[in-house]
């Protein structure tokens, strides 16, 4: 396992971590000042400043990307399906323009929550089938663009609204059916917040191997958790054995950026540089 104790060469900041403190340009500039070498932008933050300005900011700062958040929300009724497809193709194009190594997919849950206005349903099985079908459709477009897709399994508490792919096994099953040759264009983004609880996690990491491990995200699970969306913990403040999970993904050959992604009303109230400096310190000591 890589030694992170003396520098933060492989630290990336997901821009959601400090989204309340400044726009995308300000986040890029702050990361560059602190020697953070990579970011993972969210689409809404890029849209706020404009894609061309976002591309220029990243290039001027000399930063890499560890991913682009997010494509997905595939589930929709027939009236909204083309809208979802068009939106995801735009996400691929944006990721390519920014130089992202992958587009992270948060796949969606029941259609009425993923694509508002869709006819309500409680058929989670149909939603899961649609997710796989639509990833297959997007995969053809992304493959032509040479932009890998990373399916992110989310904790089951999000199955209804955000993602009905909830385990690493489930995500890898989709990958294997759509890309049996393991062509390095379809894989998973593993966020410890979503997968740490899974008794199959380490076996599935081994199954994934280097070709499927496209992104690795860290934060922590607080006990108690006051809000299931907006109370993620800073690394080291919660229940997750982060080094054990990182050791497992690196044992399979993952050597990319370790991306800090924290949705937290607590941390959003702190000054941006304080949060980023804390991320650096925790990256060196507990990740």
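Roughly what angle does helix 24-33 make with the longest principal axis of the chain, taking Cα atoms, 0 to 90 degrees, to the nearest 10?
That helix lies at roughly 40 degrees to the long axis.
List 12, 255 from most exposed to least, where exposure is judged by having the fewest other Cβ atoms within 10 Å.
On the way: 12 29, 255 10.
Ordered from fewest to most neighbouring Cβ atoms within 10 Å, 12, 255 come out as 255, 12.
Using only the Cα atoms of region 100-237, what semi-axes does the equivalent ellipsoid have when each is the square root of 5 times a gyration tensor eigenvalue? Give whole Å, largest first.
Numbers: eigenvalues 109, 86, 35 Å².
So the equivalent ellipsoid measures 23, 21, 13 Å along its semi-axes.
With n ≥ 4 as the cut-off for DSSP H runs, can you work out [θ] at 222 nm for the chain, using -39500 (n - 2.57) per run divided by the number of residues, rounded to the nearest 500? Kindly include the intermediate steps, with their values, before the conclusion.
On the way: 12 runs with 130 residues, N = 287.
Computed ellipticity for the chain at 222 nm equals -13500 deg cm²/dmol.
Decide, for the chain, between rounded, prolate and oblate: order the square roots of the alpha carbon gyration tensor eigenvalues as a ≥ b ≥ c, take rounded if a/c falls under 1.5, and otherwise choose prolate if a/b is larger than b/c, else oblate.
Working: a/c = 1.42, a/b = 1.27, b/c = 1.12.
Rounded is the answer for the chain, as its axis ratio a/c remains below 1.5.
Fewest to most neighbouring Cβ within 10 Å: what's the order for 25, 124? Present the calculation step by step, with values, prior to reporting the outcome.
Details: 25 19, 124 14.
In increasing order of surrounding Cβ atoms, one gets 124, 25.
Among 68, 158, 141, rank each residue by its count of other Cβ atoms within 10 Å, from fewest to most, as a rough exposure measure. The partial results should precede the final answer.
On the way: 68 28, 158 20, 141 15.
Going from least to most buried by this count: 141, 158, 68.
Where a number appears in this text, it was derived from the coordinates with a stated rule and is not lab data. Everything numeric in this text was worked out from a predicted model, so none of it was measured. Cβ: placed from backbone, ideal geometry, glycine included. Neighbour counts: every protein chain shown.
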